[in-house]
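Values quoted throughout were computed directly from the atomic coordinates according to the rules given, and no laboratory measurement underlies them. As the structure is a prediction and not an experimental result, all values here were calculated from the model. Every residue, glycine among them, receives a Cβ derived from its backbone with ideal geometry; neighbour counts consider all protein chains shown.
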Amino acid sequence: MTSEDEILGQLYKSFIENNEEGVHRAIDKWFERGYEEKQLLFKLIEAQEEVARRFEENECFLATLINSTTILQKSNKLITEKMANKGFASKNKATVVIGTVKNDTHDLGKNIAACRLQIAGFKVVDLGRDLPTSEIVDATINNKADILAVSSMTSITMDNLKEIVDLLKEKGYRENVKIMVSGAPVTKEYADRIGADAYVRTASEAVETAENFISQKC
Amino acid sequence: MPSLYIVSCRMFEDELVHIFEEEENTNLLIVENENTEGIERKLNELSIKYEKIAPENIDKYPGNKEDFIVVLHLLEFALDAEPSLLKDKVYKTIEDNGKYFDGILVFYGLCGNVLGSLEEDFAHLNIPVRILKDAYGNIVDDCICTAFGNRESYMEAMQGDERGEGTYFLTPMQAANWREMLVLAKLTPDPNNNEMTKTVFDYSGYKNVGKVDTGLHYEKDFEDTVEEFATLFDFKKRNFTGSTKITDQNYYSIKKDMLRESGQFEL
């Protein structure tokens, strides 16, 4: 019989190698044996963080990071379905609305963050990419979001982040929502200057910051 | 005559050649390194005179003292793929050599928002230190923004026909070096693996290639390369008119100010 460690090892190795089938096989085995899903999710996150580290440190290329993100998203969906089949309904910690600003189609980081926030137990409303400011603000209000996560990967589209903060103020919802901003040209100084609540650099930081927001609220 | 130190990304090779094609009474010195092959070829083709100078002799630049002296230091492509590395490299270059000159012009833009405070950071040199700006005084975002002439035109060009669609812009130099750029920007390890590159482009929403014609023709295969790029990745081709306005204006503006400061007047 395959032990828990062996399956987790298979999952990790397959994920690092961008082997989608291998990852899904490990997930199937895990559920067949009735193990607790928490460990599986931890391992999946660990593997994703390792691919992200390799990319940051020039040990792999964007194509690998993209493939791993797709695998992460599909795996998360598969695990959620299997848990639902077992009768587990996830309890959402808070609602996060997430998206990229107008004219910015670079959504890889946003997709990883959305998936990681979901795994961490947040209800994630992913609006997509290239979103007009009004659409982001309206979705934040309509979904009664506790947290808004927005990114801009280029300096030319970065001013949209300020527009979002300003429009939320104008519409009277700013006090109800915590805002985290991200993207290659974004800095903590910029986040402070435009009146956002936090700057995050990575998906892990996004999860950690979201958890902090919630604990502050309680 | 005063001396100007130009620190530039190799991507501005053509814009620099264009400036020196027009210039008279200027002594051009190029700092020897692995980034000068392209510009030397183009200068030679146009019989534009220049001398080469070893990096360790940068403080002893020769030249006719009657002429305006330009020492050109080219840095490698795609440093902006790692913004902190770009900043370190540009700053270190200026810190090491800036003190030997009467003015410094940096042919870079915000490039990932790391060079926005460059002018303030080198104010202590007490010489003009400038980075590329548009006619409104805004620092340009990058080399594509420079070709467009201002942020508004660039922003307008970025909008695809449909939402979520991106445009991959190619200036003549970007086009001539697109394969190398893909690797340097960490998109793919093999620029000839079109399938992998297409996967990355698809994921990022790129559906168009934007040909930005700066009016410079030092790269002879621009049109063909853009066509090839569009075909390889099944992109729609969009044509844009760019210019060398920003690079020209920034160069002539600092030159004029330096000449005035030194009591010389440009003819």
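Okay, here's what the table says:
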| read-out | value |
| --- | --- |
| For chain B, alpha-carbon Rg and Dmax in angstrom | 18.8, 59 |
| 19 Å Cα-Cα reach of B:Lys87 towards aspartates and glutamates, excluding residues that sit fewer than 8 places from it in its own chain | A:Glu56, A:Glu57, A:Glu189, B:Glu76, B:Glu95, B:Asp96, B:Glu119, B:Glu120, B:Asp121, B:Asp141, B:Asp142 |
| Cα-based reach from B:Lys65 at 25 Å (exclusive), listing lysines while leaving out same-chain residues under 8 positions away | B:Lys49, B:Lys52, B:Lys99, B:Lys255, B:Lys256 |
| Cross-link table A:Lys102/A:Lys162; A:Lys77/A:Lys110; A:Lys43/A:Lys77; B:Lys42/B:Lys133; A:Lys102/B:Lys236, entries beyond 19 Å C-alpha to C-alpha | B:Lys42/B:Lys133; A:Lys102/B:Lys236 |
| Helix-only mean residue ellipticity at 222 nm for chain A, each DSSP H run of n ≥ 4 adding -39500 (n - 2.57), per residue, nearest 500 | -18500 deg cm²/dmol |
| Values of log10 I(q)/I(0), in the order q = 0.10, 0.16, 0.22 Å⁻¹, for the stretch A:25-151 under a Debye, Cα-only, solvent-free model | -0.37, -0.88, -1.27 |
| Per-selection Kirkwood Rh - the stretch B:1-41 (Cα, Å, 1 d.p.) | 11.3 |
| The stretch A:94-108 and the stretch A:168-191: distance between their alpha carbon centers, rounded to Å | 13 |
| Residues whose placed amide H lies under 5 Å from that of B:Gly166, excluding near-sequence neighbours | B:Tyr206, B:Lys207, B:Asn208 |
| Helix runs (DSSP H) in chain A reaching 20 Å along axis by Cα, Kyte-Doolittle at least 0.0 | A:62-85 |
| With eigenvalues of the C-alpha gyration tensor scaled by 5 and rooted, the stretch B:1-71, Å | 18, 15, 11 |
| Whole-percent pair-distance distribution, where bins are 10 Å wide, for the alpha carbons of the protein assembly as shown | 4, 18, 26, 23, 16, 9, 4, 1, 0 |
| Cα-Cα P(r), the stretch A:63-218, percent of pairs per 5 Å interval | 2, 10, 19, 23, 21, 13, 7, 4, 1, 0 |
| Dipole in debye (nearest 20) - the protein assembly as shown, about Cα centre, beta carbon charges: Lys, Arg +1; Asp, Glu -1 | 1900 |
| For the stretch B:206-262, average projected area of the Cα convex hull in nm² | 5.1 |
| Dmax and Rg, reported as Rg then Dmax, of the stretch A:4-85 (C-alpha, Å) | 12.3, 40 |
| Tilt relative to chain B, helix B:13-22 - C-alpha long axis, 0 to 90 degrees, to 10 | 50 |
| Span from the the stretch B:37-55 Cα centroid across to the the stretch B:206-267 one, whole angstrom | 19 |
| Percentage relative contact order, chain B, counting C-alpha pairs under 8 Å, at least six apart | 20 |
| Charged-residue dipole, Cβ positions (Lys, Arg, Asp, Glu), the stretch B:150-241 about Cα centre, Debye nearest 20 | 220 |
| Given charges at Cβ of Lys, Arg, Asp, Glu: the protein assembly as shown dipole, positive-most of B:Tyr168, B:Val106, A:Met153 | A:Met153 |
| Computed over the stretch B:140-267: relative contact order in percent, which uses C-alpha pairs under 8 Å that are six or more apart | 28 |
| Positive-end extreme of charge dipole, the stretch B:150-241 - chosen from B:Val200, B:Thr231, B:Asn150 (charges on Cβ) | B:Asn150 |
| Förster radius 41 Å - calculated FRET efficiency between B:Asn25 and B:Gln159 (Cβ-Cβ, nearest 0.05) | 0.40 |
| Dipole of the stretch A:95-217, positive end: most advanced residue of A:Val186, A:Ile214, A:Val137 [Cβ charges, Cα centre] | A:Ile214 |
| Contact order normalised by residue count of the stretch A:4-85, Cα under 8 Å, 6+ apart, percent | 32 |
| Amide proton proximity set for A:Val125, modelled H, under 5 Å, gap of 5+ | A:Val96, A:Val97, A:Ile98 |
| Stretchable slack from B:Ala185 to B:Ala123, in nm (0.36 nm times residue separation minus alpha-carbon distance) | 19.2 nm |
| Estimated 222 nm signal from helices in chain B, with DSSP H stretches of n ≥ 4 weighted -39500 (n - 2.57), rounded to 500 | -11000 deg cm²/dmol |
| Exposed-loop-free span, longest in chain A, where GluC sites (Glu not before Pro) count as exposed if DSSP calls them loop and at most 16 other C-beta atoms lie within 10 Å | A:60-218 |
| Residues whose placed amide H lies under 5 Å from that of B:Phe77, excluding near-sequence neighbours | B:Arg10 |
| Binned Cα-Cα distances of the stretch B:151-267, short to long, each 5 Å bin given as a whole percent | 2, 10, 17, 19, 16, 11, 7, 6, 5, 4, 3, 0 |
